[in-house]
Amino acid sequence: MRIDIITVFPEMLDGPFSHSILKRAGEKGLVEIVVHQLREFARDKHRKVDDYSFGKGAGMVMMIEPIEAAINWLKSQRDYDEVIYTSPDGIVFNQHEANQLSMKENLIILCGHYKGIDHRIREHLITREISIGDYVLTGGELAAAVITDSIVRLLPGAISDETSALSDSFQDNLLSPPVYTRPADYKGWKVPEVLLSGNDKLVDDWKLQQSIERTRRLRPDLFQKYLAHSEDEPGHSETR
Ligand code: ADE
């Protein structure tokens, strides 16, 4: 998979991809993440990428030309499955979206800034608009990093225990069960007995029960999705 990120602040993305799972995924050849400076596609000598907005309203708007030039230059080299724009008014990102994007071959992510991008780019060049939550960041770079991280960790081979990505919170519209490690008894704070039983069936049933209970209590919205989904799928575990 290849992910091209277009931004006016490439340095903001230096850190997130050079550690841990993302770094290893790159080294293993599972993903190539390439960050592009939008200003390099600006035509004037000042490398201008934003301009005043038409109509009333303060704030600069990102111009069409450099963005179109960057996207077209990338598209001239390979086909892209999606051209994503990160914006607080996009569709709110979730695990389902991450799963879908992880199955694509080539993605472009355009990071928004200032008051946003000229709307014609959204109408003609962008295929998916993503928000990472109902709050406003200073720019789309952190959102691009979050989206990229959530996708890359799903690529087969990115995580050494390949079952662990599938058992993440949200994969079944359920939160993860609690986890514990040694010591089994820390100053009287004990690990639930069942986890020490060695009985896989009991352990699996307990984990599912905990997931269901935590989701019902902490995320009633997600719990409704889980219930609706388990009605659609007769084989879906039902221990409620
Ligand atoms: N840019 C600014 N805020 C954002 C958000 N919440 N999600 C995605 N991109 C953004």
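Worth pointing out:
- Filtered residue count, the stretch 71-91, keeping only those that are open to solvent by 70 Å² or more (accessible area, probe 1.4 Å) and among the hydrophobic types (A, V, I, L, M, F, W, C): 2
- Test: Tyr80 is part of a loop (DSSP other than H, G, I, E, B), over 14 Å from the mean Cα position of the chain (by Cα), away from the ligand (no atom under 16 Å from the Cβ) and in the same structural domain as Ala42 (by TED's automatic domain parsing): yes
- Residue within the stretch 94-110 that is within 15 Å of the ligand (Cβ to nearest atom) and open to solvent by 20 Å² or more (accessible area, probe 1.4 Å) present: yes
- Any hit, the stretch 7-16, residues being modelled with pLDDT of 95 or more, polar (S, T, N, Q) and in contact with a helix residue (DSSP H, G or I) (Cβ under 8 Å, 6 or more places away or on another chain): yes
- Applying a threshold of 7 Å to beta carbon distances and a minimum spacing of six or more residues, or different chains, the list of pairs starting in the stretch 1-28 at a residue that is under 16 Å from Ala144 (Cα atoms) and ending at one that is assigned to a loop (DSSP other than H, G, I, E, B) and open to solvent by 80 Å² or more (accessible area, probe 1.4 Å) reads Met1/Glu105.
- Matching residues in the stretch 121-132 - criterion: being assigned to a helix (DSSP H, G or I) and open to solvent by less than 10 Å² (accessible area, probe 1.4 Å): Ile121
- For first residues located in the stretch 133-144 and under 14 Å from Phe9 (Cα atoms) and open to solvent by less than 10 Å² (accessible area, probe 1.4 Å), partners that are more than 6 Å from the ligand (Cβ to nearest atom) and not in a helix (DSSP H, G or I) and lie 6+ apart or on another chain with Cβ distances below 6 Å form the pairs Gly140/Cys111; Glu141/Thr7; Glu141/Phe9; Glu141/Cys111; Ala144/Ile5; Ala144/Ile109; Ala144/Cys111.
The values are calculated or read from the model by the stated rules, or taken from the named source; none is laboratory data. What you are looking at is a predicted structure, and each value in this text was computed from that prediction instead of being measured. Neighbour counts are summed over all protein chains in view; Cβ atoms, including those assigned to glycine, are modelled from backbone coordinates with ideal geometry. Areas reflect the complete protein model, heavy atoms only, side chains present, ligands, DNA and RNA absent. Shrake-Rupley method; radii C 1.70, N 1.55, O 1.52, S 1.80 Å.
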